[in-house]
Amino acid sequence: MKKQLVLVVFLLMSLSFSAQNTSVQERFSQANEAYNNAKYEQAEALYRSILKQDIVSAELHFNLANTELKQNNLGQAILHYEKALKLKPNNSSFQENLAYANSLTIDEIQSIEKSQLQIYIDKFNFLLSVDQWSYLVVVLAMLMFFAFLAYVFSTKTITKRLFFTGFVVFLIFSVISFSQAYRLDHLQQSQQYAVILSEEVPALAEPNARSSQVLTLHEGTKVKLLSKFNNYQEVQLADGTKIWINIKAYKKI
């Protein structure tokens, strides 16, 4: 009886998951069709309904960003392009669309110039996403395990050496991949960024209403999040300038 009950529960869970997955795929297709027919508000609503189910998808964020851009919601478009790139850092389409959206922003902030070495380090750091590095660790660990088994059960000296060499190579790359996944995750947790969503935001020198206004930020500008005090968030601009803005003016990437 218990076995039958467990089987029934398992089947119900499988059917529920399958139905949910089908529902998501159907809505994603409906959203794409709405976008292609220039029904951007409908497409946005469908994409966002999928996001509410905690679906993690770079393509979903990318399509939503395109929809927002068509509706001239520049801040939301840049936010979701950034989220898509966070999941797939080397996707050229994501990079090109983000670059185009950034070209439409009002604020012209020059980034701090990086050394050639730092550029290479950044390229390596964001070669893959955290999830992709993690998947690579799993694959390499499996290959390492099979190489070890082949080494143990192999009878010829030359094949033993070959499989042992493979085991060592997979081990080295597993350690590198694990280290990179850990470092990138720590980097993303310690260095958090956001996008300004308000049309105009007064940037203050201090976190209080009496503070002098340093400059005005506009929708779509990307900022680095620093400390928080009451209703104010300290942020750093691409040129290194540190200012305070209202916590309701941005959304975290």
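FYI, it's all coordinate maths here, none of it is from the lab. Everything quoted here is computed from the prediction, not taken from an experiment. Note: ideal-geometry Cβ built from the backbone for every residue, glycine included; neighbour counts use all protein chains shown.
Worth a mention:
- Among the residues of region 218-253, the ones that are touching an Asp or Glu at 6+ places or on another chain (Cβ under 7 Å), more than 23 Å from Lys114 (Cβ to Cβ) and of a type in the set (A, V, I, L, M, F, W, C) come to 1 in all.
- Test: Lys123 is outside any helix (DSSP H, G or I), without any contact (Cβ under 8 Å) to a residue 12 or more places away in the chain and not polar (S, T, N, Q): no
- Of all residues in region 126-152, those that are without any contact (Cβ under 8 Å) to a residue 24 or more places away in the chain and over 18 Å from Asn91 (Cα atoms) have Cβ atoms under 7 Å from Cβ atoms of residues that are basic (Lys, Arg) and assigned to a helix (DSSP H, G or I), 6 or more apart or on another chain, in Tyr151/Lys160.
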